[in-house]
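Engineer: Before I ask anything, here is the structure I am working with.
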2 protein chains.
Amino acid sequence: MLTLYYARQTCSLAPHLTLALAGAVEGRDYRAASVDFAAEQQRSPEYLAINPKGRVPALAGERGVLTETPAILLYLAQSFPAAALAPLDDPWALAQAQAFNSYLCSTVHVAHAHRRRGARWAEDEAAQAAMRAKVPANMAECFDLIERELLRGPWVLGERLSICDPYLFTLTGWLAGDGVDVARFPRVAGHQARLAALPAVQEVLSLHR
Amino acid sequence: MLTLYYARQTCSLAPHLTLALAGAVEGRDYRAASVDFAAEQQRSPEYLAINPKGRVPALAGERGVLTETPAILLYLAQSFPAAALAPLDDPWALAQAQAFNSYLCSTVHVAHAHRRRGARWAEDEAAQAAMRAKVPANMAECFDLIERELLRGPWVLGERLSICDPYLFTLTGWLAGDGVDVARFPRVAGHQARLAALPAVQEVLSLHR
């Protein structure tokens, strides 16, 4: 059975939602294991033995441990093919899905991380404050591109729900804390509401609050 | 025909090398179009019409434009299956390949970018200097993980060359400029030498100097 290691209010919400959207059942298809960031459990020897990066998400399976959100999402799409959460038979379309998720992890998530994780990139507090100050503008710039160019609608890739949707939903949920009003991006706000309304989503969301 | 938009001394070296390793021939299978960063060509209206992100690499094909290095590399592996540059028939192994490339784009490339692209994340010069100061330590930490945990040897995924190798090679090439001696990481240094020795690689490298 798969084990998803997750922590509240992190990007591990994306694979957790993906499992739910794929029809995977907790206790039957996977186990969700909470990692307590408040208690720094992600830096415990036990967790570092699972994921030496000390981050979530991590997905443990029979063959080892998989990390990095875009990779986990692709694996879940392949593991639950009946849910058709990625265009697995169309290399160009699959690459477009991976491009969207890669943008989220390498640009949008990174822009967000400069608010509370600035110590990763500079030691002194004044520099971290300067980073925090730019987070709203950077997040707004990212979501402007998503609104104008990347989100096809109603779902990210168009008519079909995919692994891109729970990932976008996760990062959209960070906007308010980053000082950006999602209402500036009506198509993104519509996407957020549309995904939140799916029955499979609510139960997982309650674990991440 | 595919068109790869690239710029010297950027991560666009990775897909360029991948094309060469896949046996793709310039002029027959693809065209390589240089984007002149010194002249800010990446922000020209002409280039922004191709890639609104104003970055490289971008890969144009019959169905549009693909961006983001990990997505382009996956697409190239699928487009040139005879070269077997990704374990396309093994979802777990493919996800491990994607996890490696995702780590490179979202953590290692980002760590490096704080040296010369700090203005992305903070306006003031003192903050950017503080970021630059931490780049050597951050890059060393990333390559320590690659050396110890991620690089299986002789190639990233083990016995078979894959899309992970030209990407690692590209970022390894940034270490010296980032103030890190690659000799600290003997397995990574061996990987770099091994890839550089492949005949297909030299011609592409000469375009990126």
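Engineer: Out of the stretch A:86-153, which GluC sites (Glu not before Pro) are coil in DSSP terms and have no more than 15 other C-beta atoms within 10 Å?
Structural biologist: On the way: sites: A:E123, A:E125, A:E141, A:E147, A:E149; in loops: A:E123.
Qualifying residues, ordered by number: A:E123.
Engineer: Can you tally the net charge around A:T67? Count Lys and Arg as +1, Asp and Glu as -1, for every other residue whose Cβ sits under 14 Å from the Cβ of A:T67.
Structural biologist: +1
Engineer: Of the trypsin sites (Lys or Arg not before Pro) in the stretch A:1-38, which ones lie in a loop per DSSP and count no more than 16 other C-beta atoms within 10 Å?
Structural biologist: On the way: sites: A:R8, A:R28, A:R31; in loops: A:R8, A:R28.
Counting only loop positions with at most 16 other Cβ atoms within 10 Å, the trypsin sites (Lys or Arg not before Pro) in the stretch A:1-38 are A:R8, A:R28.
Engineer: If you don't mind, another one. Output, in nm with one decimal and in ascending order, the distances from the B:D124 label point to the matching label points of the other copies (7 Å from Cα along Cα-to-Cβ).
Structural biologist: 0.9
Engineer: Where the convex hull is taken over the Cα atoms of the protein assembly as shown, what is its projected area averaged over directions, in nm²? Before the final figure, lay out the partial values.
Structural biologist: On the way: hull surface 77.1 nm².
About 19.3 nm², averaged over all directions.
Engineer: Rounded, prolate or oblate, given the Cα gyration tensor of the stretch B:41-126, with a/c below 1.5 counting as rounded?
Structural biologist: Working: a/c = 3.82, a/b = 1.43, b/c = 2.67.
The shape class here is oblate.
Engineer: Roughly how far apart, in whole Å, are the Cα centres of the stretch A:99-149 and the stretch B:17-62?
Structural biologist: Using only Cα atoms, the two centres lie 26 Å from each other.
Engineer: Taking a label point 7 Å out from Cα toward Cβ, give me the nm distances from B:A197 to the same spot in the other copies, shortest first, one decimal.
Structural biologist: List, nearest first: 6.1 nm.
Engineer: For chain A, what is the calculated [θ] at 222 nm in deg cm²/dmol (nearest 500), taking -39500 (n - 2.57) for each run of four or more DSSP H residues and dividing by its residue count?
Structural biologist: Values: 9 runs with 97 residues, N = 209.
The helix contribution divided over chain A gives -14000 deg cm²/dmol.
Engineer: Now for a different question. Residues with amide H under 5 Å of B:W174's amide H, sequence separation 5 or more or different chain, H placed in the peptide plane at 1.01 Å from N; which?
Structural biologist: none
Engineer: Connecting C-alpha atoms closer than 10 Å in a GNM of chain B, tell me which of B:L17, B:L66, B:L85 has the biggest fluctuation.
Structural biologist: Result: B:L66 has the largest fluctuation of those listed.
Engineer: For chain B, with a Gaussian network of springs between Cα atoms less than 10 Å apart, report the residue from B:V182, B:V65, B:V135 with the top mean-square fluctuation.
Structural biologist: Of B:V182, B:V65, B:V135, the Gaussian network model singles out B:V65 as fluctuating most.
Engineer: Once a ≥ b ≥ c are taken as the square roots of the eigenvalues of the Cα gyration tensor of chain B, is the result rounded (a/c under 1.5), prolate (a/b larger than b/c) or oblate (a/b not larger than b/c)? Spell out each step's value before the answer.
Structural biologist: On the way: a/c = 1.69, a/b = 1.07, b/c = 1.57.
Verdict is oblate for chain B.
Engineer: What is the set of long-range amide H partners of B:R31 at a cut-off below 5 Å, with H atoms built 1.01 Å from backbone N?
Structural biologist: The answer is B:L2, B:T3, B:L4.
Engineer: List the distances, in nm to one decimal, from the label point of B:G173 to the label points of the same position in every other copy, shortest first, placing each label point 7 Å from Cα along the Cα-to-Cβ direction.
Structural biologist: 4.0
Engineer: Give, as a single signed number, the net charge of other residues whose beta carbon lies under 13 Å from the beta carbon of B:Q78, with Lys and Arg counted +1 and Asp and Glu -1.
Structural biologist: Numbers: positive: none; negative: A:D89, A:D90, B:D89.
Here the charged neighbours net out to -3.
Engineer: Let me ask something else. Quick one: net charge around A:S162, please, counting Lys, Arg +1 and Asp, Glu -1 for every other residue with C-beta under 15 Å from its C-beta.
Structural biologist: Local charge sum for A:S162: -1.
Engineer: Compute a Gaussian network model of chain B, connecting alpha carbons closer than 10 Å, and tell me which residue from B:A129, B:A32, B:A99 fluctuates the most.
Structural biologist: Among B:A129, B:A32, B:A99, the largest GNM mean-square fluctuation belongs to B:A129.
Engineer: Tell me which lysines have Cα within less than 27 Å of A:K53's Cα, excluding those fewer than 8 residues away on the same chain?
Structural biologist: A:K134, B:K134
Each reported figure results from applying straightforward, stated rules to the coordinates on display, with no laboratory input. Everything numeric here is computed off the predicted structure, so don't read it as measured data. Neighbour counts run over all protein chains shown; Cβ positions are idealised from the backbone, glycine included.
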